[in-house]
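Chemist: This is the structure I have questions about; it appears just below.
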Amino acid sequence: MSLTENFDKYNKANAPQKKDAETTDSENDIELYSLTGHVRNLDFVQPDGEREFFNYALITRCKISSDKSSIFLNYSTGHEVTIKGRNLEILYDQLFGQLPKSITAIDRRYEATKDGVEPVIFEIAINKI
């Protein structure tokens, strides 16, 4: 076996494995896509475990409040998703890039356990308008 073949074999064995949707940020419960793809969904997880997802292609509008405590998503299905929390500007930028795979709201009593600069989601309201 040549030196080149040994080198290629070594690199292949030690290359990091990329798996889609395995990037998570446990500090703020926002799971991100790790690879680009064609179909992307956004899963909203309530503190009680209830989940609902929408396709990114259906978002017609995304707005953040001036105090960075609310994000409003409008969908072509007639649904409006309101996300309330603190430090949501980072999440807004991630939504702009279609990076979040899931967003999980936490019970407000656990707010003190979260870092002061990371987004913290207290409430996710999904309404048909």
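Chemist: Compute, for the range 27-125, the length of the dipole vector about the Cα centre, with Cβ point charges of +1 (Lys, Arg) and -1 (Asp, Glu) only. Units Debye, rounded to 20.
Modeler: For this selection, approximately 280 debye.
Chemist: Which value, in nm² and rounded to one decimal, describes the direction-averaged projected area of the C-alpha convex hull of the range 43-126?
Modeler: Dividing the Cα hull surface by four gives the mean projection, 5.3 nm².
Chemist: Considering only protein heavy atoms and a probe of 1.4 Å, how much of the accessible area of the range 33-124 is carbon and sulfur, as a whole percent?
Modeler: Roughly 50 percent of what the probe reaches on the range 33-124 is carbon or sulfur.
The values are calculated or read from the model by the stated rules, or taken from the named source; none is laboratory data. It should be emphasised that the depicted structure is a prediction, and the values quoted were computed from it without experimental measurement. For neighbour counting, all protein chains shown are included, and Cβ atoms are generated from backbone atoms with ideal geometry for every residue, glycine included. Just the protein is used for accessible areas: all its heavy atoms, side chains included, with ligands, DNA and RNA removed. Shrake-Rupley method; radii C 1.70, N 1.55, O 1.52, S 1.80 Å.
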